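Presented below is the structure to which this report refers.
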Amino acid sequence: MKITIINTGGTFNKRYNPIKGELEVPNDNIALEKIISSCHNIEFEIKNIISKDSLDMDDNDRQTIVDVVNKSVNDKIIIIHGTDTIDLTSTFLKKQVKNKKIVFTGAMVPMSIDEVEATMNFSQALGFLSADVKDGIYLSMHGVVVEASKLIKNRSVGEFLIKD
């Protein structure tokens, strides 16, 4: 099986910069490569684009994601994205992308600080794409993978919850 991973940045990838004294989104795939080094039965195509916190993304960035998705020869795609605007980007893609199985995922805690959440969310997305699922746009967070519009970030409790 071959899966395209589109890495757009977000908290999933953030690392502490001791010179600046802040967390920043690097322009690399170190967090992702650590996870996929244990995946031996899947061929990955990694595309590192944008490298931003999702709060800094705009519709031009979202269009870049659409363009990369639509040019992909793979129909199975995981998009690493910041959790704050993952809903906006998944809605944007839903209007312009067809015939693909896309799972958005990310993390609310940087992998460089705690590897568990990012690894779990990515692994769920990967397992979901290994199953026989219909084309669509999904979100993998905190123990579930559902159609993207059915999962919302509840900022007051810091969790993703299934929308009624």
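Of all beta bridges that DSSP places with both ends in the chain, some 35 percent have antiparallel geometry.
Translational diffusion of the stretch 37-116, estimated by Stokes-Einstein from the Kirkwood radius over alpha carbon pairs at 25 °C in a medium of 0.890 mPa s, is 178 µm² per second. In the neighborhood of GLU43, defined by Cβ-to-Cβ distances under 15 Å, what is the net charge if each Lys or Arg adds +1 and each Asp or Glu adds -1? Charge balance in the 15 Å sphere: 0.
Based on every Cα atom in the stretch 114-164, Rg and the maximum pairwise Cα distance Dmax equal 11.5, 35 Å. Considering only ASN121, ASN29, ASN41, give the residue with the highest GNM mean-square fluctuation for the chain, with springs between Cα atoms whenever their separation is below 10 Å. Its mean-square fluctuation being the largest, the pick is ASN41. Using R0 = 30 Å, the C-beta based FRET efficiency linking ASN70 and LYS20 works out to 0.25. Volume per residue for the stretch 96-141 equals 68 cubic angstrom (convex hull of Cα atoms). With helices as the sole contributors, the chain gives -8500 deg cm²/dmol at 222 nm; each DSSP H run of n ≥ 4 counts as -39500 (n - 2.57), and the sum is divided by every residue.
At full extension, VAL157 and ASP135 could sit 4.8 nm farther apart than now, given 0.36 nm per residue minus the alpha carbon distance.
In the complete set of protein chains, residue-level accessible area for ASP75 is approximately 60 Å², probe 1.4 angstrom.
Within the stretch 18-80, the proportion of C-alpha pairs whose separation exceeds 17 Å stands at 54%. Of the solvent-accessible surface of the chain, computed with a 1.4 Å probe and all protein chains present, 50% belongs to carbon and sulfur.
Entry comment: accessible area of the chain is 50 Å² per residue, from protein heavy atoms only and a probe of 1.4 Å.
The relative contact order of the chain comes to 23 percent, based on Cα pairs under 8 Å that sit 6 or more residues apart.
Taking Cβ atoms as reference points and 10 Å as the exclusive limit, the residues near LYS14 contribute a net charge of -2, counting Lys and Arg as +1 and Asp and Glu as -1. Between the listed residues PHE160, ALA107, THR4, the Cα displaced farthest toward the positive end of the dipole of the chain, a dipole computed from Cβ unit charges relative to the Cα centre, is found at THR4. Using the Cβ-Cβ distance between LYS2 and ASP28 with R0 = 35 Å, the FRET efficiency computed as 1/(1 + (r/R0)^6) comes to roughly 0.95.
The values are calculated or read from the model by the stated rules, or taken from the named source; none is laboratory data. Computed from a prediction, not measured in an experiment: that's the story for all the values here. Counting neighbours? That spans all protein chains shown, and the Cβs are built from the backbone with ideal geometry, glycine included. The area values use the complete protein model at the heavy-atom level, side chains included, leaving out ligands, DNA and RNA. Shrake-Rupley method; radii C 1.70, N 1.55, O 1.52, S 1.80 Å.
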